[in-house]
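This structure is in structure tokens; I'll ask about it shortly.
The values are calculated or read from the model by the stated rules, or taken from the named source; none is laboratory data. Since the structure is predicted, the reported quantities are computational estimates derived from the model, not experimental observations. When we count neighbours, we look across all protein chains shown, and the Cβ atoms used for this are built from the backbone with ideal geometry, even at glycine. For accessibility, only protein heavy atoms count, side chains too; no ligands or nucleic acids. Shrake-Rupley method; radii C 1.70, N 1.55, O 1.52, S 1.80 Å.
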2 protein chains.
Amino acid sequence: MRYASPAPSAVSLADPVLAPRVEANRTATIPACLKHFEKEHCIDALKLKWKKGDKWWPHIFWDSDVAKVVEGMARELARKPDPALAKELDRVAKLIVSAQQPDGYLNTHFTLVEPEKRWTNLHDWHELYCAGHLMEAAVAHFEATGERFFLDAMRRYADLIAKTFGRRRGQKRGYPGHEEIELALCRLARATGERKYLDLAHYFVDERGRAPNYYVEKEGWQSWRLEYLQAHKPPREQREAVGHAVRWAYLCCGMVDAGDAKPDVGLLEAAVAMWKNATKRRMLVTGGIGTARDGEAFERDFKLDNLTAYAESCAAIGLALLSRRLHDLTGGARGIDVFERALYNGIPSGVSLSGDRFFYQNPLASNADSPYARERQAWFQCSCCPTNFARFWPQVAQLCWAVRAGEVRLCVPAASELVHPTGVRLKVESRYPYDGRIVVKVLDGRRQAKALGFPTLELTINGKPIPATAFRFSLRIPGWCKKFALSLNGKRVAAKADKGVVALKRIWKPGDEIVLDLAMPVQVLRANDSVAADAGCIALQRGPLVYALESVDNGPGLHRLSIPAKQDFKLVAAKGLPRGTVAIAGTAFETTRPGDALYSDAAPRTRRRRFVAIPYALWQNRGPAEMQVWTREA
Amino acid sequence: MRYASPAPSAVSLADPVLAPRVEANRTATIPACLKHFEKEHCIDALKLKWKKGDKWWPHIFWDSDVAKVVEGMARELARKPDPALAKELDRVAKLIVSAQQPDGYLNTHFTLVEPEKRWTNLHDWHELYCAGHLMEAAVAHFEATGERFFLDAMRRYADLIAKTFGRRRGQKRGYPGHEEIELALCRLARATGERKYLDLAHYFVDERGRAPNYYVEKEGWQSWRLEYLQAHKPPREQREAVGHAVRWAYLCCGMVDAGDAKPDVGLLEAAVAMWKNATKRRMLVTGGIGTARDGEAFERDFKLDNLTAYAESCAAIGLALLSRRLHDLTGGARGIDVFERALYNGIPSGVSLSGDRFFYQNPLASNADSPYARERQAWFQCSCCPTNFARFWPQVAQLCWAVRAGEVRLCVPAASELVHPTGVRLKVESRYPYDGRIVVKVLDGRRQAKALGFPTLELTINGKPIPATAFRFSLRIPGWCKKFALSLNGKRVAAKADKGVVALKRIWKPGDEIVLDLAMPVQVLRANDSVAADAGCIALQRGPLVYALESVDNGPGLHRLSIPAKQDFKLVAAKGLPRGTVAIAGTAFETTRPGDALYSDAAPRTRRRRFVAIPYALWQNRGPAEMQVWTREA
């Protein structure tokens, strides 16, 4: 049986890193997005206010931006009641539905601006992508509120799409240029119990990349660019992560969802193979993917340049969600390793601590030569990233845990609490990711379980009732951790990690206490020696956090620094960052070459000095700065 | 008085590096260019054969390509008689003239394809650039053959241009988008004695970049792109090397030629300042300039990336010719240092030893990630580089020497011979640039001087005749040379270099012998510590030759190598390269990291091994290969 996330209301976070991000998302990111939607006419578009001659026009992906924020609001509301938020959610959801056409169609651009072009350019115009996000929003809205109006509207839209696309006479044999609807249809199928939506998801996955190619034959797309859309061959035959990274991640999520729901091992195998290629050969140390500036796309194995690494925020989110799916499918914790790498590094780097400024690109170095914005921006013409944050953060508490019948798994040991249907609460106390000591307290949770509406469980084995608090509690041992110790009620447990987890099975009682000590030294990472960009360089990691040098702490000219790998790194307080943030300090060498000649055989001068590294995710929260993750080894 | 090159027929080369290049140019490059002109319809264009509906059409810069090869043929013919070459030159020169229109205009594209667009897009369409190359060709043709038909035709063209452009009523106040005609007009003025052409050159230089801007006002060019054409302000106010590097180099050459011929110190000062900026902050160690792939242009100070360095072959030639001009103007040998750096590195890298394959870009590293062609090509759609080689190599023997009244200067001590009007021959015997021992023998050259038509010189001081063989013989001490010894007729001369030269003044007699020993150790270069791309890296140079590692000698994965700066480098024979080529061998370390993880804290393994470096200019003459100039210092 698959692992799943616990219900949103059953978990809460209290850690020093994720909880403030979730809160900033609620108080700053979501309101900022809504404000921009008003200002940028996205709301006017949904009111179908555009008319010829207006200076603005509904962009082809505006509907998806609004949908993603609605999804985020719904997920936030599902975490805990909030009447004001509920009211706002209701307003925007109704607004969306009001834009739906009598036949079920819902896309403001192709309703208002170019109605004659509906479904005529699938490779570029994002109609099915927008539809997917609308469906995801509708499902989240239904799950948060129990109200069906948005869900029903999106069922009508899905029905129209099912009528339009397929292999029957009179149907278009097309499929989306930007994948997303595949996973959304699986979600819609689960929420409605309607198998036809799953069938449509399978159609979209399976039709993709077939010869003769739809985009080439019907839309005049260049065949050499099919890899960009993962349409160069059918997904089940693909083994490499290629093309636009966000599209790729959403495609793989759809393959896992569809291939798991209506079993299709071929899809699952292909998704796993592509994920392995992506994460073992084409991923930055921060969990960023899609390093090519040109096309926001994957590059060849081991081409992982730092300054130019594109690493779109959305792509890191996509990789995280895919990686979590693969954990849920297989139970192997390596998926969580990748999830966690993105969660603590390549995802949060995309948003300021204040929650209202964003990076679209997340390179691993930044200086005067950077091709990207060097400060986070309030908004983008294509604002997929801010709106993706809006819906990602509210899920994070759930994503730290995984459950299945008879098992609770702590995936990411951030301070948090889970109310279990059996009537216990599992409370994680830790300063993770800044500290490796994880204390899990078992508390009486009957009241909370009842409040959450969990049914009273009665389990029997061979007719004999067994206590409902008997379950397997598994704890992930992170891939970065080389040494750990586990104890139960003060007694050391000699547990060996199996597939990246240790498990305790017993009848849990309030008062039980588990302590997991994860050794968390500063680790000196080196890239695979096929990565030319990182040759001779090291990166520092501690726990799941990748560290970076910023000129705020180290002065300009970071390229002049080199760091000895063997030294006693010190943990210090980071200046100008949230209290409790752990920085790494140590000895570096600064090399200068005398004289102002451009090239000379003068001997260089090297002086010993201190360096400070901060968590990569927190860079550019103290003004514009030079930054680098990989530093030359002294 | 200015220095100048000796007459082409007064010098000859016999060195191991330049002489074979000049010969390959004569036997391979020039014939290859002529063959391509036939095949690509450039010749048909001059025959005015194009008509509407033809699959080919005369490109806007085809005339310049043919002109440059004609210039090369003329310069080659001027070196020594060659009836076959003379006939071919005559044929092509007449062909060019045959395309001239009754009013003097000569441009095949704007005669045949778009006659109505003549002079309407100066910023992009290269009409004045083509005109400049035609004038240069005509002057070279006249100087080589004494025939005036081509020169006269180009005078008529120049007269038309002078009528068309200027500040008088009814004239266009435009100037070329791609500079070149400025220096060509100065050459035409010298050859014809007509001051009006010099005036026109001054007009073009001075009108450039004036407000209101011609390109912006009359041609709708974007003002933020004016730097690309050095038209953001008047050249005399410019101090930085910006924009398209070839355009910049030709502009500066024109500024020096014009500013020197009709004295204008402002122009000279500006050219010198820009040259200093280019060579002290924006030049590759090979003498390549214009590192930006986007626009073939200069980048900001110290931005000198290796793999992506554009460094067009033409730009290195342009910088060399400018640098030589600045030496001739000031007598300071630093201009020759830059000239020599390009001459032995960034220029010859652009052409194969066989003379018929070309690099357009000359980056300082090449591997699977290279954005450029990794093998030299036979031809390009824009074939400015092959045709620039065709006219550059025949000048090289002259450019190794400089003369002025009472002085002969050996600028580049390659094995060569100069016949001096005074009736002595100076014969340089050396294996330069592979060896630093330079022997200059004074021989009886009366017969040769007579054959060359030098007048018999009679000099007097205060009425007293002095022997005509009394002149100052100055020898350049290269900037890379830290130690030298000079002897005359076996006796050590205690000479100190002044402005990069040592000088001997005496009455020269056949049998005199000068020996200059230039210490030529392997030098370990480091870039200015503001060059981030080269931080932690070294490059090897010996004499004027910059060395590079090629995978042919070292195996693939050059990024895994590091080289200790302090070691006994060995000079060895280079495999598969011309006999006598000196390679450098030494100890390197190859670092690998165990395991196939993308990132890991596993300790790296380092093994000691041998490396071999070859002269950069000779890379990719033994098949496709990885290459790098800058290697990590161990």
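Please state which one of A:Arg155, A:Arg79 is among the basic types (Lys, Arg) and within 25 Å of the chain's Cα centre (by Cα). So that I can check it myself, show each step before the final result.
On the way: A:Arg155 fails: within 25 Å of the chain's Cα centre (by Cα).
One residue alone meets the criteria, A:Arg79.
Here is a list of conditions, (1) closer than 26 Å to A:Asn362 by Cα; (2) open to solvent by 10 Å² or more (accessible area, probe 1.4 Å), and A:Ala278 meets all of them except one; can you say which number that is?
Among (1) closer than 26 Å to A:Asn362 by Cα; (2) open to solvent by 10 Å² or more (accessible area, probe 1.4 Å), the lone unmet condition for A:Ala278 is (2).
Out of curiosity, is B:Gly295 outside any helix (DSSP H, G or I), in contact with a helix residue (DSSP H, G or I) (Cβ under 9 Å, 6 or more places away or on another chain) and of a type outside the set (S, T, N, Q)? So that I can check it myself, show each step before the final result.
On the way: outside any helix (DSSP H, G or I): yes; in contact with a helix residue (DSSP H, G or I) (Cβ under 9 Å, 6 or more places away or on another chain): yes; of a type outside the set (S, T, N, Q): yes.
Spelling it out, B:Gly295 is indeed outside any helix (DSSP H, G or I), in contact with a helix residue (DSSP H, G or I) (Cβ under 9 Å, 6 or more places away or on another chain) and of a type outside the set (S, T, N, Q).
Determine which member of the set B:Arg632, B:Arg607 is within 13 Å of chain A (Cβ to nearest Cβ), at negative phi, in a strand (DSSP E or B) and surrounded by fewer than 20 Cβ atoms within 10 Å (Cβ to Cβ). Outline the logic, then answer.
Working: B:Arg632 fails: surrounded by fewer than 20 Cβ atoms within 10 Å (Cβ to Cβ).
Going through B:Arg632, B:Arg607 in turn, the sole match is B:Arg607.
Now for a separate question. A:Lys218 versus (1) assigned to a loop (DSSP other than H, G, I, E, B); (2) under 20 Å from A:Trp125 (Cβ atoms): which is the lone unmet condition?
Tallying (1) assigned to a loop (DSSP other than H, G, I, E, B); (2) under 20 Å from A:Trp125 (Cβ atoms), A:Lys218 fails exactly one: (1).
Among the residues of region B:565-576, is there at least one that is touching a helix residue (DSSP H, G or I) at 6+ places or on another chain (Cβ under 6 Å) and surrounded by 16 or more Cβ atoms within 10 Å (Cβ to Cβ)? First the steps, then the outcome.
Quick first cut of region B:565-576, residues touching a helix residue (DSSP H, G or I) at 6+ places or on another chain (Cβ under 6 Å) only: none.
No, because not a single residue in region B:565-576 is touching a helix residue (DSSP H, G or I) at 6+ places or on another chain (Cβ under 6 Å) and surrounded by 16 or more Cβ atoms within 10 Å (Cβ to Cβ).
Taking the criterion of being closer than 30 Å to A:Glu407 by Cβ, out of contact with any Phe, Trp or Tyr (no Cβ under 6 Å at 6 or more places or on another chain), crowded, with 19+ Cβ neighbours inside 10 Å and not aromatic (Phe, Trp, Tyr), would at least one residue in region A:96-108 satisfy it?
Here is the first cut: in region A:96-108, the residues closer than 30 Å to A:Glu407 by Cβ are none.
No, that holds for no residue.
Between A:Leu558, A:Leu577, which is touching a Ser or Thr at 6+ places or on another chain (Cβ under 7 Å), touching a residue at least 12 places away in the same chain (Cβ under 8 Å), within 28 Å of A:Ser352 (Cα to Cα) and hydrophobic (A, V, I, L, M, F, W, C)?
Values: A:Leu577 fails: touching a Ser or Thr at 6+ places or on another chain (Cβ under 7 Å).
Result of the check over A:Leu558, A:Leu577: A:Leu558.
So, of the residues in region B:478-499 that are assigned to a loop (DSSP other than H, G, I, E, B) and more than 14 Å from chain A (Cβ to nearest Cβ), which turns out to be least open to solvent (accessible area, probe 1.4 Å)?
B:Ala495
Within region B:266-281, is there a residue that is in contact with an Asp or Glu (Cβ under 6 Å, 6 or more places away or on another chain) and more than 16 Å from B:Leu122 (Cβ to Cβ)? Lay out the reasoning, then the answer.
Narrowing region B:266-281 to residues in contact with an Asp or Glu (Cβ under 6 Å, 6 or more places away or on another chain): B:277, B:281.
The next check asks that each one be more than 16 Å from B:Leu122 (Cβ to Cβ); those that pass are B:277, B:281.
Yes, some residue in region B:266-281 is in contact with an Asp or Glu (Cβ under 6 Å, 6 or more places away or on another chain) and more than 16 Å from B:Leu122 (Cβ to Cβ).
Answer yes if at least one residue in region A:58-69 is among the acidic types (Asp, Glu) and in the same structural domain as A:Thr120 (by TED's automatic domain parsing), and no otherwise.
Restricting attention to region A:58-69, the residues satisfying the condition of being among the acidic types (Asp, Glu) are A:63, A:65.
Filter again for in the same structural domain as A:Thr120 (by TED's automatic domain parsing), leaving A:63, A:65.
Within region A:58-69 (the criterion being among the acidic types (Asp, Glu) and in the same structural domain as A:Thr120 (by TED's automatic domain parsing)), the answer is yes, since at least one residue qualifies.
Out of curiosity, is A:Gly576 part of a loop (DSSP other than H, G, I, E, B) and facing another protein chain (nearest Cβ under 9 Å)? Before you say what the answer is, go through the steps one by one.
Details: part of a loop (DSSP other than H, G, I, E, B): yes; facing another protein chain (nearest Cβ under 9 Å): no.
In short, no.
Could I ask something else about it? How about region A:159-206: which of its residues are surrounded by fewer than 18 Cβ atoms within 10 Å (Cβ to Cβ) and of a type in the set (Asp, Glu)?
Across region A:159-206, the qualifying residues are A:Asp159, A:Glu194, A:Asp199.
Residue by residue through region A:40-72, note down the ones that are part of a loop (DSSP other than H, G, I, E, B) and open to solvent by less than 20 Å² (accessible area, probe 1.4 Å). Show your work before the answer.
Here is the first cut: in region A:40-72, the ones part of a loop (DSSP other than H, G, I, E, B) are A:40-41, A:47-61.
Within region A:40-72, just A:Pro58 meets the criteria.
Within region B:500-542, work out how many residues are at positive phi and surrounded by 16 or more Cβ atoms within 10 Å (Cβ to Cβ).
2
If a residue must be open to solvent by less than 10 Å² (accessible area, probe 1.4 Å) and in contact (Cβ under 8 Å) with a residue 60 or more places away in the chain, how many such residues does region B:249-268 contain?
Keep residues of region B:249-268 that are open to solvent by less than 10 Å² (accessible area, probe 1.4 Å), which gives B:249-256, B:258-259, B:267.
From the residues that got through so far, the ones that are in contact (Cβ under 8 Å) with a residue 60 or more places away in the chain too are B:249-256, B:258, B:267.
Of the residues in region B:249-268, 10 are open to solvent by less than 10 Å² (accessible area, probe 1.4 Å) and in contact (Cβ under 8 Å) with a residue 60 or more places away in the chain.
Determine which single condition A:Ala311 fails, assuming it passes every other condition in (1) at negative phi; (2) not in a helix (DSSP H, G or I); (3) not aromatic (Phe, Trp, Tyr).
(1)
Is it true that some residue in region B:28-39 is buried (at least 21 other Cβ atoms within 10 Å of the Cβ) and part of a loop (DSSP other than H, G, I, E, B)?
Checking region B:28-39: not a single residue is buried (at least 21 other Cβ atoms within 10 Å of the Cβ) and part of a loop (DSSP other than H, G, I, E, B).
Return the pairs, sorted by first residue and then second, in which the second residue is hydroxyl-bearing (Ser, Thr, Tyr) and assigned to a loop (DSSP other than H, G, I, E, B), the first residue lies in region A:334-347 and is within 21 Å of A:Leu618 (Cβ to Cβ), the beta carbons are less than 8 Å apart, and the residues are 6+ apart or on different chains.
As it stands, the answer is A:Arg341/A:Thr286; A:Ala342/A:Thr286; A:Asn345/A:Thr286; A:Gly346/A:Thr286, since those pairs meet every condition given.
Results for (1) away from chain A (no Cβ under 14 Å); (2) not acidic (Asp, Glu), shown as yes or no for each residue.
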site	(1), (2)
B:Asp264	yes, no
B:Ala273	yes, yes
B:Thr286	no, yes
B:Ala320	yes, yes
B:Arg341	no, yes
B:Asn345	no, yes
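Look at B:Ala583 and say whether it is away from every other protein chain (no Cβ under 14 Å), under 22 Å from B:Leu475 (Cα atoms) and free of Cβ contacts under 8 Å to residues at least 60 places away in the same chain.
On the way: away from every other protein chain (no Cβ under 14 Å): yes; under 22 Å from B:Leu475 (Cα atoms): no; free of Cβ contacts under 8 Å to residues at least 60 places away in the same chain: yes.
Criteria not met by B:Ala583.
Scan region B:221-247 for residues that are of a type outside the set (A, V, I, L, M, F, W, C) and open to solvent by 60 Å² or more (accessible area, probe 1.4 Å) and jot them down. Give the derivation first.
Within region B:221-247, the first condition is being of a type outside the set (A, V, I, L, M, F, W, C), and the residues that meet it are B:222-223, B:225, B:227-228, B:230, B:232-240, B:243-244, B:247.
Passing the criteria: B:Gln222, B:Ser223, B:Arg225, B:Glu227, B:His232, B:Lys233, B:Arg236, B:Glu237, B:Arg239, B:Glu240.
Scan region A:453-464 and give yes if some residue there is in contact with a strand residue (DSSP E or B) (Cβ under 7 Å, 6 or more places away or on another chain) and crowded, with 17+ Cβ neighbours inside 10 Å, otherwise no. Write out each step before concluding.
Residues of region A:453-464 that are in contact with a strand residue (DSSP E or B) (Cβ under 7 Å, 6 or more places away or on another chain), as a first pass: A:458-460.
After this cut, where a residue has to be crowded, with 17+ Cβ neighbours inside 10 Å as well, the list is none.
Scanning region A:453-464 turns up no residue that is in contact with a strand residue (DSSP E or B) (Cβ under 7 Å, 6 or more places away or on another chain) and crowded, with 17+ Cβ neighbours inside 10 Å.
So which residues in region B:283-301 are open to solvent by 30 Å² or more (accessible area, probe 1.4 Å) and out of contact with any His (no Cβ under 8 Å at 6 or more places or on another chain)? Write out each step before concluding.
Initially, region B:283-301 is screened for residues open to solvent by 30 Å² or more (accessible area, probe 1.4 Å), giving B:293-294, B:296, B:299-301.
Of everything in region B:283-301, those that are open to solvent by 30 Å² or more (accessible area, probe 1.4 Å) and out of contact with any His (no Cβ under 8 Å at 6 or more places or on another chain) turn out to be B:Arg293, B:Asp294, B:Glu299, B:Arg300, B:Asp301.
Within region B:350-378, take every residue that is buried (at least 16 other Cβ atoms within 10 Å of the Cβ) and either hydroxyl-bearing (Ser, Thr, Tyr) or touching a His at 6+ places or on another chain (Cβ under 7 Å) (or both) and give me the one that is nearest to the other protein chains (Cβ to nearest Cβ).
Residue satisfying both the conditions and the ranking: B:Ser366.
Taking B:Val242 as meeting all but one of (1) β-branched (Val, Ile, Thr); (2) under 29 Å from B:Thr279 (Cα atoms); (3) part of a helix (DSSP H, G or I), write down the number of the exception.
The single condition B:Val242 does not satisfy is (3).
Still on this structure: Just wondering, is there one or more residues in region B:388-409 that are closer than 16 Å to B:Ile347 by Cα, open to solvent by less than 10 Å² (accessible area, probe 1.4 Å), part of a loop (DSSP other than H, G, I, E, B) and at pLDDT below 95?
No, there is no match, as no residue in region B:388-409 is closer than 16 Å to B:Ile347 by Cα, open to solvent by less than 10 Å² (accessible area, probe 1.4 Å), part of a loop (DSSP other than H, G, I, E, B) and at pLDDT below 95.
Output the residues belonging to region B:531-569 that are more than 8 Å from every other protein chain (Cβ to nearest Cβ), in contact with a Lys or Arg (Cβ under 8 Å, 6 or more places away or on another chain), outside any strand (DSSP E or B) and of a type outside the set (Val, Ile, Thr).
B:Ala533, B:Asp534, B:Pro544, B:Asp553
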